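Participant: Can you keep this structure in mind? I'll have questions shortly.
Every number in this text was worked out from the coordinates using simple rules, so none of it is lab data. Everything numeric in this text was worked out from a predicted model, so none of it was measured. Methodologically, a virtual Cβ is constructed for each residue, glycine included, from the backbone with ideal geometry; neighbour enumeration extends over all protein chains shown.
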Amino acid sequence: MLAHKGMKEGEVAAEVIAGEPAALDYQAVPAAVFTDPEIGTVGLTEAEAEEEGFEPVVGQMPMRASGRALTLEETDGFVRVVADEPSGFLLGAQVVAPEASELIGELGLAIEMGATLEDVGATIHTHPTLSEAVMEAAENATGKAIHTLNR
């Protein structure tokens, strides 16, 4: 049911048939549900991270604290990131927000690239945008959020 996953699997299969080295990281495959608000997920949830032996830390940014969500009058939802606390590596994310299907791509890239909470939090995001909630959720997990109460 994920056309983008199937397309990537086809590309990897073609590369393997052609004798090229190829692999697919299923950890970084995003999914989206086109509801109102939209839902986007990638990687592990907090419970899944625990089951896999990680020490998860979670950061969250409610959309009601997002300047852009306020201007759109669409403040339902949140951005949540899940990381391994000792290393800071991003393991997963869940987004319930306007344009979650767009926002989840940034988080998939972060997982694919091995980004840490510090990497995501230190990335300058345009203001005012919905994507600032990604940065703020990462900062919340490290106790450095400025628009929400830190964990």
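Yes/no per residue for (1) touching an Asp or Glu at 6+ places or on another chain (Cβ under 9 Å); (2) among the aromatic types (F, W, Y); (3) touching a residue at least 60 places away in the same chain (Cβ under 8 Å); (4) closer than 26 Å to A122 by Cα:
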{"site": "G10", "(1), (2), (3), (4)": "no, no, no, no"}
{"site": "P30", "(1), (2), (3), (4)": "no, no, yes, yes"}
{"site": "M63", "(1), (2), (3), (4)": "yes, no, yes, yes"}
{"site": "D76", "(1), (2), (3), (4)": "yes, no, no, yes"}
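Participant: All but one of (1) in a loop (DSSP other than H, G, I, E, B); (2) of a type in the set (A, V, I, L, M, F, W, C); (3) surrounded by fewer than 16 Cβ atoms within 10 Å (Cβ to Cβ) hold for A145; which doesn't?
Facilitator: (3)
Participant: With the checklist (1) among the charged types (D, E, K, R); (2) touching a strand residue (DSSP E or B) at 6+ places or on another chain (Cβ under 6 Å); (3) farther than 15 Å from L117 by Cα in hand, flag the one item E73 doesn't pass.
Facilitator: Answer for E73: the failing condition is (2).
Participant: Considering only residues that are free of Cβ contacts under 8 Å to residues at least 12 places away in the same chain and outside any helix (DSSP H, G or I), which ones fall in the stretch 114-128?
Facilitator: Matches in the stretch 114-128: I124, H125, T126.
Participant: Then there's this: For the stretch 104-133, how many residues meet the condition of being crowded, with 17+ Cβ neighbours inside 10 Å and polar (S, T, N, Q)?
Facilitator: Of the residues in the stretch 104-133, 2 are crowded, with 17+ Cβ neighbours inside 10 Å and polar (S, T, N, Q).
Participant: Going through E99, E11, E50 one at a time, which residue ends up being charged (D, E, K, R) and within 19 Å of M135 (Cβ to Cβ)?
Facilitator: Details: E11 fails: within 19 Å of M135 (Cβ to Cβ); E50 fails: within 19 Å of M135 (Cβ to Cβ).
Of the residues listed, the single one that is charged (D, E, K, R) and within 19 Å of M135 (Cβ to Cβ) is E99.
Participant: While we're here: Can you say whether A69 is without any contact (Cβ under 8 Å) to a residue 24 or more places away in the chain and more than 12 Å from the chain's Cα centre (by Cα), as far as the supplied structure shows?
Facilitator: Considered against the rule, which asks whether it is without any contact (Cβ under 8 Å) to a residue 24 or more places away in the chain and more than 12 Å from the chain's Cα centre (by Cα), A69 comes out as no.
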